[in-house]
Amino acid sequence: LSGRSGRTLWSRSLSGGIAGPAVVAGERIVVTTLRGTMEALDRTTGSPLWRTSPGTPMNSGGVVTGEFFFAGTLTKELLAVRVADGEITWRLPLDGRVKSGPAVAGGKLLIATDAQTLIALEMPRRLP
C-alpha cells in the first residue's frame, strides 16, 4: 500500500496460499507457500524473480540474514536458500517440524520445533 494515498501498489496471487509472513531482503520479498515453494518477488513491482521447491510442504515463514533465507519444512528440515537466485544451498535435519519461522538474535539462528525443542545454531560464516 502507498503510505500517502492508501492505494494498492501491486498484488500477486501465489499458488497454494502463503505459509508465513513475507520477509523483505533488500529489493526482494521472499515468501513460503503451503504448497511447498519459496518465492521471491520484486519489492517495487511484485514481479516474480525466482521460485524454488524443496520437495516438501512448508508451514511457516522464514528469516533473512546476510545473503540467505532460512525456513523450516514439515519434513523436519531447516533450509538455507540463497536470496539472489533461490538455490537451496544447505539442509539441516531437525528433531521435529518447525513450528514458526526461525529468528536471529545475538548471532544465533533460533528454531522451535514441534518436538518441544528450541535449537540455537551459530550463524554459519559461509555456506556452500
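Details
- Label of the coordinate-derived value, volume of the Cα convex hull per residue in Å³, listed as (i) 336; (ii) 111; (iii) 158: (ii)
- Compared with the direct C-alpha span, the chain from Thr56 to Val24 gains 9.2 nm at full extension, assuming 0.36 nm per residue.
- Among the protein heavy atoms of the chain, carbon and sulfur supply 50% of the accessible surface, probe 1.4 Å, non-protein parts ignored.
- Placing +1 on the Cβ of every Lys and Arg and -1 on the Cβ of every Asp and Glu, with nothing else charged, gives the chain a dipole about its Cα centre of roughly 240 debye.
- Dipole axis of the chain (+1 Lys, Arg; -1 Asp, Glu on Cβ), positive-most option in Gly6, Leu49, Leu94: Gly6
- Protection-proxy order for peptides 115-123, 47-55, 6-14, 67-75, each taking the mean of Cβ atoms within 10 Å per residue, highest first: 67-75, 47-55, 115-123, 6-14
The values are calculated or read from the model by the stated rules, or taken from the named source; none is laboratory data. Fair warning: this is a prediction, and the values are worked out from it, not measured in the lab. As a convention, Cβ positions derive from the backbone with ideal geometry for all residues, glycine included, and neighbour counts pool all protein chains shown. We work out accessible area using only protein heavy atoms, side chains counted, and drop any ligands, DNA or RNA first. Shrake-Rupley method; radii C 1.70, N 1.55, O 1.52, S 1.80 Å.
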